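Trainee: One structure, pasted below without further comment.
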Amino acid sequence: MAIRLFNPLTMDEPRKLGITLVMPSLIIVFGFLLFPFLYSFVLSLMNYDLARPRGNGFIGLGNYIHLTQDMYFLNSVVVTLVFSFCSVILEIILGVAIALVMNQDFKGRGILRALIIIPWALPSIVNASMWSWILNANYGALNALLSQLGILHGYRPWIADPSWAMVLIILTNVWKETPFTVIMVLAALQGIPTHLREAAVMDGAGAVRRFIHVVLPMIAQIVMICALLQVIWSLLHTFELVYVITRGGPFNSTDIIPMRIYWQTFKGLRFGYGAAMAYLAAIALLIPAVFYIRSAYKTTVE
Amino acid sequence: MRFVFKRFTFRVFLYVAALLIAVWVLAPYAWLIISSISTKIDLLNVPLKWIPSRPTLENYRSLFADGQSALSQGMSFFSRSMLNSIIVTFSSMGICMFFGVFTAYAVARLTFPGRKFYLMMLMGSYMMPPIAIVIPGYIILKSLHLLDSRIGLALVNITFILPLVVWIMRGFFLSIPLELEEAARIDGSSRLGALLRIILPLSVPGLVSAGVFCFIASWNEYFYAFLYTSMRARTLPVLIGEFTTKVGTDYLKMAAAGVVASAPPVLLALIFQRFLVRGLTEGAVKG
Amino acid sequence: MKHRFLFSLVFLLACASLFAQESITVIFPKHEADLSGAFASRVKEFEASSQIKVNLIQMGWDDVNNKLTAEMASGGSAYDVVEFDNGNVAAWLGAGWVEPLDSYMPKGYTNGMIPGLVDLFTGGDGKLYGIVWNNDTRFFFYNAGMLKKAGIANPPRTWDELVSQSKTLMSKGLARYGMAGFWKAEWALANDFHFYAYTYGGKIVDKHGNILFNTDPNTLAAAQEMVKMLKEGVVDPASLTYDQEAVNNIFLKGDVAFLSQGIPGIMSYAQDPARSKVIGQVKVGLVPGGKVGTSAALTLPEAYAIPKGSTNKANAWKFIEFMTSRETNKKLAQQIGILPIWSGQYTDSDLVKLYPYWADFSKQMASAKGLAVLTWYNNFVDVCIPETQKMLSGKLTPKDALNEMAGLLKDYAGKP
């Protein structure tokens, strides 16, 4: 009797079935995440300094206020925004362009499609170390290549310069993340019914017009999803890349927010302050970014 | 004539572009492979010799060398962590795919109270920087005695991979025409029956693509794995990250380890690249 | 009757198994010279002689620190012996994470230990909290072969002498630069800051945590010298991207003549053809100072400590005692060249035969100092790194950089 009441295989009512199917995932994901989210939130409202425990206690928004005056934090907000913005724009443009190329018919297309996943498949630690060595001031492959090609006269310490460090961090991030966009856009392109494209050709539309009116709308949804994910990843989930290559330097020019949080939490043992940083970053950066992208998508579709 | 000329230049442009793309992707990876068979003194050479003068497999050998050391029990650390990676990745993949598929179906096809809320929560779970929640997560795992265990790590992986699976499969299910499913139900099948008999077979490519993404995400995961495991349950990325000392990184060993560790995801992608593309086709468009 | 016998046998076996294998969990970094598992072998010896099983966890220094932060913050019960780095002493003592060892040590245990190493791990209450396992003192190395070719008789005794010697070597094409610095945005940069200050007799903070580095003229002189060496081209301009490993590589490749803070193992690396192009040319010198005679070296020791949350403290002490004993120190010194913590070992005939340059090391160790002892040391490093980099790249004058540093740390000043 009980089995009959609760047998998903025969359950048909959408509401009961829906909730039954969704429940396990909800429990698994939030069973684990709820405590850390709450714990961090409570900590962010406290002065929780492990090395000086006598001063610990509830201070309300004190951490958040202090953050708005923290020169290093404000710097890292700017750095993170620049990093994220540039990374995502490049990833999207390159991703779409490469996908368009790979969508054409040519020999070796299959192999190329398989090779494109390599950067994304490398463990991030290996990726970061590899680039760190390539960019090495004295022995790195980049310097070697440029000087052997005659473009450079003498080796340059690329990541000693704050602007170049940022550029290179962005480029290495783009190298790693673009394949994700390529694959998703490529899939979307292949979903465009061929009869639509042929119709446009017969109408005499040029390649560019074809792109804007036929191709773009159909992949806009996917581009938006990619952009969203890339923004989330680049704003708050990139860590190893900067940790290994520049450690946030030179003089905090690549000091993205996760590095800041790492330093305050793991090194400074100021758990409250670190938690506040995380929440402030999430609220102040991520949520607006998400809304912005969704609204940009809606306007392009109309 | 003009048309043929245009076509010709177009094709030249295409092949050049394809070549550039291939170089862009492969060059750093090729350098990684070259480094892994070099000696330190080769890499320090100026001007750099692109082919090492004394190629050696010593870096690879040293990866497996400590099998006889005082600490391991017969299996080298590298082999053990490879095994751990395989177990953790496949088990989290299995659970994510199983629950993810059902959840995705529910979110794609069924209306139930809280559906929008659930989708928002899904997005929200990605919003916190992992670095801020690793320590509370550590406390949880510690109290459940799941630290340094493959189960604990699999659990943590599932929390951030499951939403991804739901996302991908939802889009894919949305693109399958409703009529097919309704036809099956008219014939007397239940909803889940229709899912199992009609929808899933049509979505094998989608399942495969979700699987590959699952695999790569879990296989390469570093930060949680690092903090939550120790000598017993350590996965490959963690071991690779440990080739550092107080004064610097053992780059050669890391390169060799990196080549070995990246081989499974790359091979997997190579084998399934056809499905990957076709799978996301349906999945992504209606997403 | 039979049942009672069986039952008591089982009961006895159960009791025996309870007491038979005690075990402890130990975590500390892998020593950079320990390529052969020498420490692990010693651990196995300990297991054999004491019947205590050891779960040994060894990984990179950074990784151990990160892991320990998470574990100690959540109770510290997972480990019985932990790595206790000199930079963490004040913070961990402030947090109350480690156990004083006085009740476990036999009386007079530390007699014969290098005094500096004992002081660094003694708390404000006079109790000892850690026994050093890695006497990581840094020394001054130079390429004697290069100097000889240039006709320079003696290594430099002051930084100014180093500058002029470097210029000679560079103009003769014998070296690309005089030195390289590990000035990447990492922990070690703050070490260098301390190092130069100490060679000028400069102060960083006082024992109450008051900031002295921006008012002490010696510290300012040291900072100015750092900038001067870079500006005059004596120090490799790419130093802002180097970590310690990179600096070692450059020295071992023969690109630079001097290595201001080398690990003790450099001498053996220098003889290894897979790593070095300067075989037989490297010698140890006294660290140059601001003036003749003000030599100072940095020591960055790491110790074993027992977390308060451990449930096996007595066994943990046995482990520490074994691993830091004179016998173990000597074995490890013979196997991988680590520096002993017992003063007497530096004149031990076997060791002196293996490492004749230890006599030079001993001379330096008398003037070895540790990093500033602050609960907020990590925050100091956080600020020291970018400000020092700004100073080195010319964005700020040394005086402004020091003042800006002091300003950014004013919330912490005055706290020990």
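Trainee: Quick one: would you say C:Ser268 is touching a Gly at 6+ places or on another chain (Cβ under 7 Å) and open to solvent by 30 Å² or more (accessible area, probe 1.4 Å)?
Mentor: It is true that C:Ser268 is touching a Gly at 6+ places or on another chain (Cβ under 7 Å) and open to solvent by 30 Å² or more (accessible area, probe 1.4 Å).
Trainee: Now for a different question. Look at C:Gln261 and say whether it is of a type in the set (S, T, N, Q) and over 18 Å from the mean Cα position of the chain (by Cα).
Mentor: So C:Gln261 fails the test.
Trainee: For region C:341-356, name all the residues that are farther than 18 Å from C:Leu298 by Cα and surrounded by fewer than 18 Cβ atoms within 10 Å (Cβ to Cβ).
Mentor: C:Gly344, C:Thr347, C:Ser349, C:Asp350, C:Val352, C:Lys353, C:Leu354, C:Pro356
Trainee: A follow-up question, please. Can you pull out the residues in region B:117-161 that are more than 24 Å from B:Leu83 (Cβ to Cβ), more than 10 Å from chain A (Cβ to nearest Cβ) and assigned to a loop (DSSP other than H, G, I, E, B)?
Mentor: Within region B:117-161, none qualify.
Trainee: Now for a different question. I'd like to know if region A:4-20 contains one or more residues that are more than 14 Å from chain B (Cβ to nearest Cβ), modelled with pLDDT under 90 and either part of a helix (DSSP H, G or I) or open to solvent by 70 Å² or more (accessible area, probe 1.4 Å) (or both).
Mentor: Scanning region A:4-20 turns up at least one residue that is more than 14 Å from chain B (Cβ to nearest Cβ), modelled with pLDDT under 90 and either part of a helix (DSSP H, G or I) or open to solvent by 70 Å² or more (accessible area, probe 1.4 Å) (or both).
Trainee: If you don't mind, there's one more thing I want to ask. Given the conditions (1) closer than 29 Å to C:Thr241 by Cα; (2) surrounded by 15 or more Cβ atoms within 10 Å (Cβ to Cβ); (3) over 25 Å from the mean Cα position of the chain (by Cα); (4) touching a residue at least 12 places away in the same chain (Cβ under 8 Å), and given that C:Gly309 satisfies all but one, which numbered condition is not satisfied?
Mentor: Every listed condition holds for C:Gly309 apart from (1).
Trainee: Checking the condition assigned by TED's automatic domain parsing to the domain that holds C:Ala190, surrounded by 20 or more Cβ atoms within 10 Å (Cβ to Cβ) and touching a residue at least 40 places away in the same chain (Cβ under 8 Å), which residue from C:Ile338, C:Ile385 passes?
Mentor: Within the list C:Ile338, C:Ile385, the selection yields C:Ile385.
Trainee: Taking the options C:Tyr346, C:Tyr357, C:Tyr377, name whichever one is touching a residue at least 24 places away in the same chain (Cβ under 8 Å) and within 23 Å of C:Ala38 (Cβ to Cβ).
Mentor: C:Tyr357
Trainee: Right, next: Of everything in region C:110-130, what is touching a residue at least 40 places away in the same chain (Cβ under 8 Å) and not in a helix (DSSP H, G or I)? Give them in sequence order.
Mentor: Within region C:110-130, C:Gly112, C:Met113, C:Ile114, C:Phe121, C:Gly124, C:Tyr129, C:Gly130 meet the criteria.
Trainee: From the list C:Met365, C:Met405, C:Met391, which residue is open to solvent by less than 10 Å² (accessible area, probe 1.4 Å) and either more than 27 Å from A:His66 (Cβ to Cβ) or in contact with a Phe, Trp or Tyr (Cβ under 9 Å, 6 or more places away or on another chain) (or both)?
Mentor: Values: C:Met365 fails: open to solvent by less than 10 Å² (accessible area, probe 1.4 Å); C:Met391 fails: either more than 27 Å from A:His66 (Cβ to Cβ) or in contact with a Phe, Trp or Tyr (Cβ under 9 Å, 6 or more places away or on another chain) (or both).
On inspection, the qualifying residue turns out to be C:Met405.
Trainee: Let me ask something additional. Any residue in region B:164-183 that is crowded, with 22+ Cβ neighbours inside 10 Å and of a type in the set (S, T, N, Q)?
Mentor: No: region B:164-183 contains no residue that is crowded, with 22+ Cβ neighbours inside 10 Å and of a type in the set (S, T, N, Q).
Trainee: Report whether or not C:Gly123 is in the same structural domain as C:Met365 (by TED's automatic domain parsing), modelled with pLDDT of 90 or more and of a type outside the set (Phe, Trp, Tyr).
Mentor: Details: in the same structural domain as C:Met365 (by TED's automatic domain parsing): yes; modelled with pLDDT of 90 or more: no; of a type outside the set (Phe, Trp, Tyr): yes.
So C:Gly123 does not fit the description; no.
Trainee: A follow-up question, please. All but one of (1) β-branched (Val, Ile, Thr); (2) without any contact (Cβ under 8 Å) to a residue 24 or more places away in the chain; (3) out of contact with any Leu (no Cβ under 9 Å at 6 or more places or on another chain) hold for B:Ile133, so report the exception by its number.
Mentor: The single condition B:Ile133 does not satisfy is (3).
Matching residues to (1) closer than 25 Å to A:Tyr155 by Cβ; (2) open to solvent by less than 30 Å² (accessible area, probe 1.4 Å); (3) not hydrophobic (A, V, I, L, M, F, W, C):
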| position | (1), (2), (3) |
| --- | --- |
| C:Lys231 | yes, no, yes |
| C:Ala238 | yes, yes, no |
| C:Glu245 | yes, no, yes |
| C:Ile250 | yes, yes, no |
| C:Val256 | yes, yes, no |
| C:Leu259 | yes, yes, no |
| C:Ile263 | no, yes, no |
| C:Arg275 | yes, no, yes |
| C:Val284 | no, yes, no |
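Trainee: Out of C:Ala316, C:Ala401, report the one residue that is in the same structural domain as C:Glu71 (by TED's automatic domain parsing) and assigned to a helix (DSSP H, G or I). Spell out the reasoning first.
Mentor: On the way: C:Ala401 fails: in the same structural domain as C:Glu71 (by TED's automatic domain parsing).
Residue meeting the stated conditions: C:Ala316.
Trainee: Out of all the residues in region C:143-161, is one or more assigned by TED's automatic domain parsing to the domain that holds C:Leu220, within 20 Å of the chain's Cα centre (by Cα) and either open to solvent by 10 Å² or more (accessible area, probe 1.4 Å) or closer than 30 Å to A:Arg260 by Cα (or both)?
Mentor: no
Trainee: Could you check region C:20-36 and list, in sequence order, the residues that are closer than 18 Å to B:Arg232 by Cβ and either within 9 Å of chain B (Cβ to nearest Cβ) or aliphatic (A, V, I, L, M) (or both)?
Mentor: Scanning region C:20-36 gives C:Ile24, C:Thr25, C:Val26, C:Ile27, C:Lys30.
Trainee: Do we find that B:Leu164 is more than 24 Å from the chain's Cα centre (by Cα), assigned to a helix (DSSP H, G or I) and at pLDDT below 85 in this structure?
Mentor: Considered against the rule, which asks whether it is more than 24 Å from the chain's Cα centre (by Cα), assigned to a helix (DSSP H, G or I) and at pLDDT below 85, B:Leu164 comes out as no.
Trainee: While we're on this one: So for region B:216-230 (the condition being within 15 Å of A:Leu33 (Cα to Cα), under 17 Å from the mean Cα position of the chain (by Cα) and within 12 Å of chain A (Cβ to nearest Cβ)), does at least one residue qualify?
Mentor: Yes, the conditions are met somewhere in region B:216-230.
Yes/no per residue for (1) over 28 Å from A:Tyr243 (Cα atoms); (2) of a type in the set (Val, Ile, Thr):
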{"residue": "C:Ile211", "(1), (2)": "yes, yes"}
{"residue": "C:Asn218", "(1), (2)": "yes, no"}
{"residue": "C:Gln224", "(1), (2)": "yes, no"}
{"residue": "C:Thr241", "(1), (2)": "no, yes"}
{"residue": "C:Pro264", "(1), (2)": "no, no"}
{"residue": "C:Val282", "(1), (2)": "yes, yes"}
{"residue": "C:Val292", "(1), (2)": "yes, yes"}
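Trainee: If a residue has to be of a type outside the set (Lys, Arg) and more than 14 Å from the chain's Cα centre (by Cα) to count, how many in region A:215-252 make the cut?
Mentor: 17
Trainee: Which condition number in (1) within 11 Å of another protein chain (Cβ to nearest Cβ); (2) surrounded by fewer than 22 Cβ atoms within 10 Å (Cβ to Cβ); (3) under 21 Å from the mean Cα position of the chain (by Cα) is the one that C:Leu189 fails?
Mentor: Here C:Leu189 clears every test but (2).
Trainee: Scan the helices (runs of 4 or more DSSP H) fully inside region A:74-182 and keep the ones with 3 or more residues being touching a residue at least 60 places away in the same chain (Cβ under 8 Å) and of a type in the set (Ser, Thr, Tyr). Before the answer, list the steps.
Mentor: Values: elements: A:109-115, A:118-121, A:124-134, A:141-148.
The qualifying helices (runs of 4 or more DSSP H) are A:124-134.
Trainee: Tell me which residues, restricted to region A:46-91, are more than 30 Å from A:Thr172 (Cα to Cα), under 27 Å from the mean Cα position of the chain (by Cα) and open to solvent by less than 70 Å² (accessible area, probe 1.4 Å).
Mentor: Answer for region A:46-91, where residues must be more than 30 Å from A:Thr172 (Cα to Cα), under 27 Å from the mean Cα position of the chain (by Cα) and open to solvent by less than 70 Å² (accessible area, probe 1.4 Å): A:Asn63, A:Tyr64.
Trainee: Based on what the data block shows, is C:Glu71 at the interface with chain B (Cβ under 9 Å from one of its Cβ atoms) and part of a loop (DSSP other than H, G, I, E, B)?
Mentor: Spelling it out, it is not the case that C:Glu71 is at the interface with chain B (Cβ under 9 Å from one of its Cβ atoms) and part of a loop (DSSP other than H, G, I, E, B).
The values are calculated or read from the model by the stated rules, or taken from the named source; none is laboratory data. The structure presented is a predicted model; accordingly, all values stated were derived computationally and were not measured. Note that we place each Cβ from the backbone using ideal geometry, even for glycine, and neighbour counts take in every protein chain shown. For accessibility, only protein heavy atoms count, side chains too; no ligands or nucleic acids. Shrake-Rupley method; radii C 1.70, N 1.55, O 1.52, S 1.80 Å.
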